[in-house]
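Asks: Quick one: structure below, then a few questions.
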Amino acid sequence: MERATGTPTATAGERTAPRTSVPRALLQALRVRQWPKNGLVVAAPLAAGVLFRPDVLLDTVVALVAFVLASSGTYVLNDVGDVDADRLHPTKRNRPIARGDLPLPAAKVVGAGLLLAAVLLPALSGHYALAVCIACYTVLTSLYSRWLKHEPVVDLAVVAAGFLLRAMAGGLAAGLELSPWFLTVASFGSLYIVAGKRYSEMVNLGDDGPRMRPCLESYSASYLRFVWSIAAAVLVATYCLWAFEVSRSAGADSTVPWLAFSVAPFVVGVLRYALNIDRGAAGAPEDIVLSDRGLQIIGVVWLLAFACGALGV
């Protein structure tokens, strides 16, 4: 009966790793392993074929640093708000704030400071559109941490919006026009990843899922499978249409239709990622990127074809 209440489990889970120093705990709380997500800021400049222009590259670096600060600040404050729930989670209980290695007052100051710095950096450097984008991200993620993550469907849209804002940031920083094709691909790509993440959480957490993430109570495995399947279908369709249209419009200016060729590795990559989702292994997208060697090879092939097409090689 005591186990059903969860109390003994929570107490035992508060200390499942050796105590670490505060600086090391702070570094862990910043979730450096999730920083690769912020690489999405290069998407718009790369798609426009201007990423390696010195001025655009500098603007993109500003956007990248700003989003690293914003995302880390969000992670810290989210862990502060979820500290009690994280101590009941089989893996999140090992986070530094949940295990008590990073004091809550210090975590609150660091999190708020990072969010403030993330907005001030682009604002003070003249990237006002980027500053608005970062501000929207911080407000959205704050609402998500306090309220929206408990609202079914809305939680999927909000997390997907976080990925979309990252993809838009580089273009906003460099003053580039964001095409409808780019925004559509980025939007449904984000929804695909987020729905896959929720599906994996449901598979891995089982009956404990709703207790650790309340919105899972409103979902079924078949519904989440439907969402990520629809998102994948729209993602592939819009990417193909965009790639073929750009290749056709390039005409004689391009010796090889690289963007059209990029469709094959793109589709294979989506299918490979779907395999991870189906296995329930997509709960942490950054772990898949860092550990799935096959997906890494496919990604490199796609990136080379895409970059060659975007840069007019």
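The values are calculated or read from the model by the stated rules, or taken from the named source; none is laboratory data. In this text the structure is predicted, and so the values were computed from the model without any measurement. Here Cβ is always computed from backbone atoms with ideal geometry, including for glycine, and neighbour counts include all displayed protein chains.
Asks: Quick check on this structure: which one of Val268, Val234, Val313, Val301 is assigned by TED's automatic domain parsing to the domain that holds Leu205, free of Cβ contacts under 8 Å to residues at least 60 places away in the same chain and not in a helix (DSSP H, G or I)?
Replies: Being assigned by TED's automatic domain parsing to the domain that holds Leu205, free of Cβ contacts under 8 Å to residues at least 60 places away in the same chain and not in a helix (DSSP H, G or I) holds for just one of Val268, Val234, Val313, Val301, which is Val313.
Asks: Looking for something surrounded by 12 or more Cβ atoms within 10 Å (Cβ to Cβ), among the polar types (S, T, N, Q), part of a helix (DSSP H, G or I) and at pLDDT 50 or above - is there at least one such residue anywhere in region 4-11?
Replies: No: zero hits.
Asks: Hey, another quick one. Just to be sure before I move on: is Ile134 more than 19 Å from Ala169 (Cβ to Cβ) and in the same structural domain as Val68 (by TED's automatic domain parsing) in the structure I sent?
Replies: Against the criterion (more than 19 Å from Ala169 (Cβ to Cβ) and in the same structural domain as Val68 (by TED's automatic domain parsing)), Ile134 does not qualify.
Asks: Something else about it: Which number in (1) among the hydrophobic types (A, V, I, L, M, F, W, C); (2) within 20 Å of the chain's Cα centre (by Cα); (3) crowded, with 20+ Cβ neighbours inside 10 Å; (4) modelled with pLDDT of 90 or more marks the one condition that Ala174 misses?
Replies: Failed condition: (2).
Asks: Leu191 versus (1) in a helix (DSSP H, G or I); (2) in the same structural domain as Val56 (by TED's automatic domain parsing): which is the lone unmet condition?
Replies: It fails just one condition, (2).
Asks: Does any residue of region 64-79 turn out to be at pLDDT 90 or above, more than 21 Å from the chain's Cα centre (by Cα) and surrounded by fewer than 22 Cβ atoms within 10 Å (Cβ to Cβ)?
Replies: So far as region 64-79 goes, no, none of its residues is at pLDDT 90 or above, more than 21 Å from the chain's Cα centre (by Cα) and surrounded by fewer than 22 Cβ atoms within 10 Å (Cβ to Cβ).
Asks: Now a separate question. Please go through region 60-97 and give me each residue that is acidic (Asp, Glu) and touching a Leu at 6+ places or on another chain (Cβ under 8 Å), ordered by number.
Replies: Answer for region 60-97, where residues must be acidic (Asp, Glu) and touching a Leu at 6+ places or on another chain (Cβ under 8 Å): there is none.
Asks: Filter region 278-309 for residues that are at pLDDT 90 or above and within 18 Å of the chain's Cα centre (by Cα); which is nearest to Val203 (Cα to Cα)?
Replies: Only one residue tops the list, namely Leu295.
Asks: Further, regarding this structure: How many residues are at pLDDT 80 or above, among the aliphatic types (A, V, I, L, M) and closer than 22 Å to Ala44 by Cβ when one looks only at region 242-266?
Replies: Of the residues in region 242-266, 4 are at pLDDT 80 or above, among the aliphatic types (A, V, I, L, M) and closer than 22 Å to Ala44 by Cβ.
Asks: Residues in region 113-131: is at least one crowded, with 20+ Cβ neighbours inside 10 Å, in the same structural domain as Ala66 (by TED's automatic domain parsing) and at pLDDT below 90?
Replies: No, region 113-131 contains no residue that is crowded, with 20+ Cβ neighbours inside 10 Å, in the same structural domain as Ala66 (by TED's automatic domain parsing) and at pLDDT below 90.
Asks: Criterion first (in a loop (DSSP other than H, G, I, E, B), in contact (Cβ under 8 Å) with a residue 24 or more places away in the chain and not charged (D, E, K, R)) does Leu176 satisfy it?
Replies: Answer is yes for this residue.
Asks: Next up: So Tyr273 clears everything in (1) of a type outside the set (Gly, Ala, Ser); (2) surrounded by fewer than 17 Cβ atoms within 10 Å (Cβ to Cβ); (3) assigned to a helix (DSSP H, G or I) except one condition, right? Which one?
Replies: With (1) of a type outside the set (Gly, Ala, Ser); (2) surrounded by fewer than 17 Cβ atoms within 10 Å (Cβ to Cβ); (3) assigned to a helix (DSSP H, G or I) applied to Tyr273, the lone miss is (2).
Asks: Asp59 - would you say it is under 24 Å from the mean Cα position of the chain (by Cα) and without any contact (Cβ under 8 Å) to a residue 60 or more places away in the chain?
Replies: No, not satisfied.
Asks: Right, here's the next one. Of all residues in region 147-185, count the ones that are hydrophobic (A, V, I, L, M, F, W, C) and under 16 Å from Val227 (Cα atoms).
Replies: The number of residues fulfilling the criteria is 9.
Asks: All but one of (1) over 21 Å from the mean Cα position of the chain (by Cα); (2) at pLDDT 90 or above; (3) in a helix (DSSP H, G or I) hold for Tyr137; state the number of the condition that does not hold.
Replies: Among (1) over 21 Å from the mean Cα position of the chain (by Cα); (2) at pLDDT 90 or above; (3) in a helix (DSSP H, G or I), the lone unmet condition for Tyr137 is (1).
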